[in-house]
Amino acid sequence: METREDRLKQAQAALQSGEFEAGLRNARAVLAEDAGDSDALYIAAVASRYLKRFYEAKDHLAQLHTAMPEYGRGWQEQGHLAVAMGDKPAALDAYVKATRFNPALEASWREQARLFAEMGRPADAQMAASQQQRLQNLPRELVAVTHHLAEGRLLRAEEICRHFLRQHPRDVEGMRLLAKIGIEFGVLDEAEFLLESAVVFKPDDVQLRIDYIDALRRRQNFAKAMEEAEALHARDPENPMFQSRLAIEAIQMGEYDRGLDLFDQVLEKLPGDPSSLTSRGHALKTKGDSENAVASYRAAIATKPDHGDAFYSLANLKTYRFDKKEVDAMRALTQRSDLAFMDRVHVNFALGKALEDAGEYEESFAHYKQGNDLKRAQTRYSADKMSEELARQRDHCTPGLFEKHEGAGHQAPDPIFILGLPRAGSTLLEQILASHSQIDGTLELPNILALAHRLRGRVAGKSRYPEILHDLTGEQLEKFGEEFIENTRIHRQGAPFFIDKMPNNFRHIGLIHLILPNAKIIDARRAPMDCCFSGFKQLFAEGQEFTYGLTEVGQYYADYVELMAHWDEVLPGKVLRVQHEDVLDDLEGQTRRMLDYLEVPFEQQCLAFHKTDRAVRTASSEQVRQPINRKGQDAWKPFEPWLDSLKEALGDLA
């Protein structure tokens, strides 16, 4: 019996030999089994174009863009189809999108150069031609790496790139691409090292320096990122790109006035620039100046009425209420076929929030679902693969593992890990505890996730983590713990204890205990339906891909509960569970319970957490600046008619 792969190979071979009917027939056989198969849709579109069945090709591409909205080759084929149909403006638009999503598409750059020249835009034509020439001059291996990276085949991209760099260890573009792959994998320390080395080899390459600053910020090495941004700015203090970069880094360092002043300088040169206005709004929000943040976001929309990021930023304040005119504008945007992908995502999430506030729950849910469907297609997250990954923690982090390594690790008592699921109340717990004189609040630190990724290694493509925990020596565990303390010191203000509130750390409690046996761990837990639906309504800046579907978020919550039960069994008493609803019922009692667990005395200011003056960089920033309230409790109930798949995924937990 022929498999999907057999039919796709036959279809591709038929296209290459010019047998377009046969190629289309094999692609259709795959589509009969799965109408959303992206590979078959692409082949069917190409075959239909060659057969001059343009409207069939158009239908296949529309389905392909829905299934894979950022698939560069799909947009390139859209360009080829538009050229065949004589629509040059549509062709140019498609080719520009193609190279945005995959900069290694030489044909798209070539066609852009031709079309820009025909339209009397010589500067744009020259830019596209230079990009095409750059690709022609790149080693073929690095072009292949760029393709694999753009299309999500990270392991293959890494394999080719590492092989190339073994033979060409000083190739700057190879180093830049491997750093990009490292950032995708979360191996930020290697990405930083690669980019630092590349900058030494090619110090005048501005793009390299910008990538290096980005890697430093992702590692939360804000002081070094600031230093690099200062150096870039010093080259040309009037360059708005350099001013904007320095503004972002100044704000990360808490220098809000300087950052805002730099954004004002950018806006003097680029009046109404929507990206700068939106970034300025983010800075004002983080600082706690929500009134001026709102004004900045609204100014961005006034300049660019389809700027979805600004609409969503208003919704993400959680306290903002859209007026009828704004709601109508967002409704109109969702009807536009030419709305950019991320603008469509942002607007759908914002419109979901606006309609929820207005009590129009059915239409609200439809927009939340549309935004989530788009993001899920983009991320290609697999709930079953995540379930397998979490099950491996239960399989390998056994009582025997912890007995074997008893007494090992770095003995510092400093870290307090607040973990669990996003939208479970962890920011509230952090704000309460960070109001204590002996506890510093920091950020969602990436260090544990990065260490787990380093330990994965790869043997024949298979991860070695968490099995490798059995093979680590006491010296290695001590070193990893000590590195965590040293590398996170930059985020502290001098208190004896500090908080890391990365929620995903619940996956790695075994690793945390082995390297930092005296660390304290608090599991921030919220009622399942409230927690899951709140996650579903939230568009995250990055990560948390499991939230973009009701089945996916429900399965993840169930897996989380099962894994936490395992940690309770193999590390009894290690984790303090704090139920969000209990905090709402008895703030003082739960605060005293947490402080007792942390072995620090009670301080009254912990109960006045909403008055604590500190930057808060999560979606809950405005909520934790208010006294405790129940606004988010049972928020899922008006949406209950559409939540059957969530209840099914949660099972008995629902």
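Count, please, the residues in the range 312-337 that happen to be touching a residue at least 40 places away in the same chain (Cβ under 8 Å) and within 21 Å of Ala377 (Cβ to Cβ). Break it down stepwise before answering.
If we filter the range 312-337 for residues that are touching a residue at least 40 places away in the same chain (Cβ under 8 Å), which is where we start, we get 312, 316-319.
This time we only want the ones that are within 21 Å of Ala377 (Cβ to Cβ), so: 312.
Matching residues across the range 312-337 total 1.
Given the conditions (1) farther than 22 Å from Ala94 by Cβ; (2) open to solvent by 40 Å² or more (accessible area, probe 1.4 Å), which single one is not true for Ala14?
Tallying (1) farther than 22 Å from Ala94 by Cβ; (2) open to solvent by 40 Å² or more (accessible area, probe 1.4 Å), Ala14 fails exactly one: (2).
Any idea which residue in the range 498-552 is nearest to Ile468 (Cα to Cα), counting only those that are crowded, with 24+ Cβ neighbours inside 10 Å and of a type in the set (Ser, Thr, Tyr)?
My answer is Thr547.
Residue under question is Lys404, and the condition is that it be out of contact with any Phe, Trp or Tyr (no Cβ under 6 Å at 6 or more places or on another chain), loosely packed, with under 15 Cβ neighbours inside 10 Å and free of Cβ contacts under 8 Å to residues at least 12 places away in the same chain; does it hold?
Working: out of contact with any Phe, Trp or Tyr (no Cβ under 6 Å at 6 or more places or on another chain): yes; loosely packed, with under 15 Cβ neighbours inside 10 Å: yes; free of Cβ contacts under 8 Å to residues at least 12 places away in the same chain: no.
No: the conditions fail for Lys404.
Against the condition among the acidic types (Asp, Glu), farther than 23 Å from Gln431 by Cβ, at pLDDT 95 or above and outside any loop (DSSP other than H, G, I, E, B), how does Asp306 come out, does it pass?
So Asp306 fails the test.
Where in the range 180-289 are there helices (runs of 4 or more DSSP H), lying wholly inside it, with at least 3 residues that are open to solvent by 20 Å² or more (accessible area, probe 1.4 Å) and over 22 Å from Ala300 (Cβ atoms)?
It comes to 188-201, 206-218, 222-235.
Got a sec? Which helices (runs of 4 or more DSSP H) wholly within the range 459-573 have at least 2 residues that are within 26 Å of Thr379 (Cα to Cα)?
Numbers: elements: 474-487, 509-515, 528-537, 550-570.
In the range 459-573, 528-537, 550-570 are the helices (runs of 4 or more DSSP H) which contain 2 or more residues that are within 26 Å of Thr379 (Cα to Cα).
Counting only residues that are of a type in the set (D, E, K, R) and out of contact with any Lys or Arg (no Cβ under 9 Å at 6 or more places or on another chain), which one in the range 59-88 is farthest from Arg100 (Cα to Cα)?
Asp59
I'm trying to understand the selection: among the residues of the range 232-275, which are over 16 Å from Lys287 (Cα atoms) and among the polar types (S, T, N, Q)?
Result: Asn239, Gln243, Ser244, Gln265, Ser275.
Would you list the helices (runs of 4 or more DSSP H) that sit entirely within the range 374-437 and hold 2 or more residues that are closer than 20 Å to Ala649 by Cβ and among the charged types (D, E, K, R)?
Of the helices (runs of 4 or more DSSP H) lying wholly inside the range 374-437, those with at least 2 residues that are closer than 20 Å to Ala649 by Cβ and among the charged types (D, E, K, R) span 383-396.
For the range 435-449: of the residues being in contact with a strand residue (DSSP E or B) (Cβ under 7 Å, 6 or more places away or on another chain) and more than 12 Å from Met594 (Cβ to Cβ), which is surrounded by the fewest Cβ atoms within 10 Å (Cβ to Cβ)?
Step one: list which residues in the range 435-449 are in contact with a strand residue (DSSP E or B) (Cβ under 7 Å, 6 or more places away or on another chain), which gives 438-442, 445.
Next, only the ones that are more than 12 Å from Met594 (Cβ to Cβ) stay: 438, 440-442, 445.
Details: Gln438: 15, Asp440: 20, Gly441: 26, Thr442: 21, Leu445: 22.
The residue in question is Gln438.
Before we move on, is Arg298 under 23 Å from His610 (Cα atoms) and basic (Lys, Arg)?
Considered against the rule, which asks whether it is under 23 Å from His610 (Cα atoms) and basic (Lys, Arg), Arg298 comes out as no.
Of all residues in the range 17-40, which are closer than 23 Å to Gln78 by Cβ and either open to solvent by less than 50 Å² (accessible area, probe 1.4 Å) or of a type in the set (Val, Ile, Thr) (or both)?
Within the range 17-40, Gly18, Phe20, Gly23, Leu24, Asn26, Ala27, Val30, Leu31, Gly36, Asp37, Ser38, Ala40 qualify.
The values are calculated or read from the model by the stated rules, or taken from the named source; none is laboratory data. All values reported here derive from a predicted model rather than from experimental measurement. So basically every Cβ, Gly included, is an ideal-geometry build from the backbone, and we count neighbours across all protein chains shown. To get the accessible areas, we keep the full protein, side chains included, count just its heavy atoms, and leave off ligands, DNA and RNA. Shrake-Rupley method; radii C 1.70, N 1.55, O 1.52, S 1.80 Å.
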